[in-house]
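This report refers to the structure that appears directly beneath it.
Read the figures in this text as sums done on the coordinates, not as results from a lab. Every value quoted in this text rests on a predicted model; they were computed, and no experiment measured them. Heads up, the Cβs are rebuilt from the backbone with ideal geometry, glycines too, and the neighbour counts pull from every protein chain shown.
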């Protein structure tokens, strides 16, 4: 009986982690690229296979159809891998929150991620040594159904952006004069560089973002990853929001390598037209492309 309870607890933890992280699969993509483990294209699939594996193995743990030893051992390997990744996270990335434990929740620390996967791993090891007489209530062939269904969940909840299932457009050709001269009179509240209006004379990416917008946060971190690999990538970020939250936003998304300015008021509202994040490719002050954050890649200047 105790073995069943432990198995259910471990299964619920894995399914919950997989389900929640599936909704944040894009962020995990950027983490994988930032760590240098994959390129932009493959990371979209690696992140979803990883989160889907948590759901699939969690479901298999509940019923143990087929080869129960393989299911339990695979679950132990995955939990151990996530524990290792969470532990070495500061040495691989500069992030101290629990991103590697597959969450985008602001209040989850890296240490809580370590505790989570250490507890799951210990529970699974206990299950392994007490599973000799466990019998499945499902036939062996249902293992394939649970496996395929679990792996499919992340692709259903948050499919790779380039699939464009509903006709999403990553980049749209436009011709909009942004009237950036209005920014020259703005009183910046904070920033990490001296604003120079002459930067708009050449092609440059402009991102307009809010400190309270979760998608802006993803876009900001993605820009960090791009700038990390391409330090000369021309980009400027205009932020809006409360100065109290700026430090957290910058630290959370490692934006120290991305030029940004913080300001509020009519000038920002006119630029973003009431919607964030807005990302433009600007040439001589004119926005020639509007880019969805998930369609932003290093070759956007071509």
Proxy reagent accessibility, fewest Cβ within 10 Å first, across 251, 7, 275, 204 = 275, 251, 204, 7
Go ahead and collect, in residue order, the members of region 167-205 whose backbone nitrogen is under 15 Å from a label point 7 Å along the Cα-Cβ direction of residue 290.
-> 168-179
Hey, how many Å between the Cα centroid of region 4-23 and the Cα centroid of region 49-72?
-> 10
What angle, in degrees between 0 and 90 and rounded to the nearest 10, separates the Cα long axis of helix 243-252 from the longest principal axis of the Cα atoms of the chain?
-> 50
Theoretical ellipticity at 222 nm over the chain - DSSP helices of four or more residues, -39500 (n - 2.57) apiece, nearest 500 | -16500 deg cm²/dmol
Efficiency by 1/(1 + (r/R0)^6): what FRET value for residue 77 and residue 42, r their Cβ-Cβ distance, R0 = 22 Å, to the nearest 0.05?
-> 0.55
Region 2-163: Cα Rg divided by the 2.2 N^0.38 Å rule of thumb = 1.03
Give me 1, 207 ranked fewest to most by other Cβ atoms within 10 Å of their Cβ, as a rough exposure proxy.
-> 1, 207
Over all directions, average the projected area of the Cα convex hull of region 171-301 and note it in nm².
-> 6.9
The chain, Gaussian network, Cα under 10 Å: of 118, 190, 44, the residue fluctuating most is 190
For the residue 201, residue 70 Cβ pair and Förster radius 51 Å, calculated FRET efficiency rounded to 0.05 is 0.25
Could you list 216, 272 in order of exposure, starting from the residue whose Cβ has the fewest other Cβ atoms within 10 Å?
-> 272, 216
Could you list, bin by bin from short to long, the percent of Cα-Cα pairs of the chain in 10 Å steps?
-> 6, 25, 28, 20, 12, 7, 2, 0
